[in-house]
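A short write-up of the structure that comes next.
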Amino acid sequence: MGWPELVSAPTPPFAIEDCRANQAIAIYNSGAPLAKTHIFTANLTAICEWDGSQWTLLGRLQNPNHYPYEHADVLMTTFEGNLLVGGVFQSVVGSAATVLVNNLALWDGSQWQAFGSSLGGSFDPDSPTEVNDLYLSPYGLFVVGNFTTAGGKESLGFGRWAPASRNFVVNTQGVTVFGLADGITYQFPAGSFSQVAVFSHTDLAPGQTPPLNSIQAAVSALATHNLRSTGIFFQDSATYQAGGGPATLLKPVTLTIPYTDLQVFGFPAAMLGLYSWNGSQWVREPTSTVQLDQHTVTASPDHLGIFALLAEPKVNFLPALFR
């Protein structure tokens, strides 16, 4: 096995001298044989692209706070065919508009946009919010830097991003699905579907789900039941790859759902369970178990639909004493 063929580009003309790279370089190839290779460069605050025939200035990074190292540690990587840029900046000035991006910017081939929800805070009071490293893996994009929140959630210098909705092919031999934004893992056994299916997992916001107080608990007609939310809601569906019709799940699929201490604040984690919405009420999956040492809940539902990780606090009644 030898080294891959090196790709090079001519020195940028004086008019766009900022395209001379000394900060970061990213190379993207569409994957087709002999396809055009794109080289992206970062120098100071400029992001440029070499498309095989000419240089183009894509945009300039800006930070209104004017930190002396505003342009330091500009990082780039290709993400699902797009260019992702991280560093110490709050906006990108493109040819069409200035876009607020807060340390993470994505170039989709025609315009700049913010990547996911913004980063915020700084655990180093003498330094600004910044991105120091970007790492792509099957589990999503990992971001390392000087920040305390990511996507509005507590995240001290380390965050993981994955799409809220993803599709996976499930063949008749079974498959393990991971890399979801909520960290859930699915284990589909062989024969889960009668033929190859496309499985879809979508994170749901609490406002997109049925009300939690609609469950009709059968434990005791006298007890008051009130489900507690962890904020984990999602919807699963599947279609056959051939024809696109709705796919029927033939065997239970095992889900492993991680949770954090913050998500179970105010009630014991041992009360957690996977619940599904049956059209009129939340119903606990009977196979739900909690692994307290691993901070996970596992369950093996035999159907698809809307699910949530919930807890049902127990209500204890003391005997009444009469004199």
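The values are calculated or read from the model by the stated rules, or taken from the named source; none is laboratory data. All values reported here derive from a predicted model rather than from experimental measurement. Counting neighbours? That spans all protein chains shown, and the Cβs are built from the backbone with ideal geometry, glycine included.
Residues in the stretch 241-258 that are of a type outside the set (A, V, I, L, M) and at pLDDT 90 or above: Gln241, Gly245, Pro246, Thr248, Lys251, Pro252, Thr254, Thr256, Pro258. The residues on offer are Val92, Val88, and the sole one that is crowded, with 21+ Cβ neighbours inside 10 Å, part of a loop (DSSP other than H, G, I, E, B) and not aromatic (Phe, Trp, Tyr) is Val88. Among the residues of the stretch 132-148, those identified as assigned to a strand (DSSP E or B) and either at pLDDT below 85 or in contact with a Lys or Arg (Cβ under 7 Å, 6 or more places away or on another chain) (or both) are Asn132, Asp133, Leu134, Tyr135, Leu136, Ser137, Gly140, Leu141, Phe142. Which of the following residues is surrounded by fewer than 16 Cβ atoms within 10 Å (Cβ to Cβ) and over 29 Å from Leu249 (Cα atoms): Gly174, Gly191, Gly159, Gly121? After ruling out the rest, the residue left standing is Gly121.
The single condition among (1) hydrophobic (A, V, I, L, M, F, W, C); (2) under 24 Å from the mean Cα position of the chain (by Cα); (3) surrounded by fewer than 15 Cβ atoms within 10 Å (Cβ to Cβ) that Phe267 does not meet is (2). Looking at Thr230, Thr260, Thr287, just one residue is surrounded by fewer than 19 Cβ atoms within 10 Å (Cβ to Cβ), closer than 23 Å to Pro210 by Cβ, assigned by TED's automatic domain parsing to the domain that holds Tyr186 and among the β-branched types (Val, Ile, Thr), and that residue is Thr287.
If you go through the stretch 236-255 and keep only what is touching a Ser or Thr at 6+ places or on another chain (Cβ under 8 Å) and in a loop (DSSP other than H, G, I, E, B), you end up with Gly245, Ala247, Thr248, Leu249, Leu250, Lys251, Pro252, Val253.
The residues of the stretch 271-283 that are under 18 Å from Leu255 (Cβ atoms) and of a type in the set (Gly, Ala, Ser), listed by number, are Gly273, Ser276. Here Val99 clears all of (1) more than 23 Å from Ser165 (Cα to Cα); (2) in a strand (DSSP E or B); (3) in contact (Cβ under 8 Å) with a residue 40 or more places away in the chain except the condition numbered (3).
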